[in-house]
Each structure stands twice: as C-alpha cells, then as structure tokens.
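What follows is one structure encoded as structure tokens, with my remarks underneath.
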Amino acid sequence: MVIILGFINALLLTLLLSPFLLRKINKLIFQNKNKALKKSAALLSKMHMYFAYILLATALTHGYMALGTIRLHSGYLLWLLVLVQVIWGNLFKKMKKPYMLKVHRAIGLSSVLLLIFHLLQVN
C-alpha cells in the first residue's frame, strides 16, 4: 500500500504541474492555437486545488505508513514544501499579486527536485 500511495502522490504532483506545462507547451510550440491543450489546461486548473489537498492527505499517510511515525526525512521535507505551496497558492488566490504566482511556480519546481532527491534517497 505504501508503494501505491507513493505512485498516487507522484501522479498528483504531475497533475498539479500539468496546467502550467500544458500552457507553456501550447505557447511555445503551437502559438496558443491548440484548443485541446487549452481545454485540458483549463480542466486541470479547475481541479488544481482539490489535487493539492488530496496530495497533502495522501503524502502524509504515505510517510506515516512507510515509517510508522512522523519524523524528519526527505519525504517529510517534501510534504512541508507542498504545504507551504498550498498556503502560498491560497494567498495568491486571495491577493492576486503577480510575484506570488512566480513564487508558487518556483516552489513547484523545488517540489519536483525534492521528489527526485527523495526517490533517490529511499531507493
């Protein structure tokens, strides 16, 4: 079950990053003319917040099941980073400051890097 939750968490992180990536691909490759990418990005954007909250719950469960406790570990650091990103995303949604979106995206990139580190450390 721990491994399954790990895969679910990786999938959720991918889904969370997808709206940004799809918009960038559409802009850089298709000059914003690919309707399927626009539609997919819009749908994933609507689900973005739900995916984030689900990730927080499943990642914490995954870590607890793997270790039997909550302790400082690369996975816990990753979870804390995702928590900061969720809080920051909620603040951005309320305040609408452009720099906040850039920070939110930078935290997303940091999450991917920390996930890679976590996977290398665990395996």
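Numbers below:
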quantity	calculated
Debye, to nearest 20: dipole size of the chain, +1 on Lys, Arg Cβ, -1 on Asp, Glu Cβ	880
Positive dipole terminus of the chain, leading residue within MET65, TYR76, VAL86 (C-beta point charges)	VAL86
Cα point-scatterer Debye curve for the chain, base-10 log of I(q)/I(0) at q = 0.10, 0.21, 0.22 Å⁻¹	-0.34, -1.22, -1.29
Residues of type lysines that LYS39 reaches as a straight line, Cα spacing below 24 Å, ignoring anything fewer than 8 places off in the same chain	LYS24, LYS27, LYS93, LYS96, LYS102
Of ILE29, ILE70, ILE87, the one that fluctuates the most in a GNM where the chain has Cα springs shorter than 10 Å	ILE29
Within the chain, helix-based [θ] at 222 nm, where runs of 4 or more DSSP H residues each add -39,500 (n - 2.57), nearest 500	-31500 deg cm²/dmol
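Each reported figure results from applying straightforward, stated rules to the coordinates on display, with no laboratory input. Here the structure is a predicted model, which is why all the values come from computation and not from measurement. Don't worry about glycine lacking a Cβ; one is built from the backbone with ideal geometry, like all the others, and counts go over all protein chains shown.
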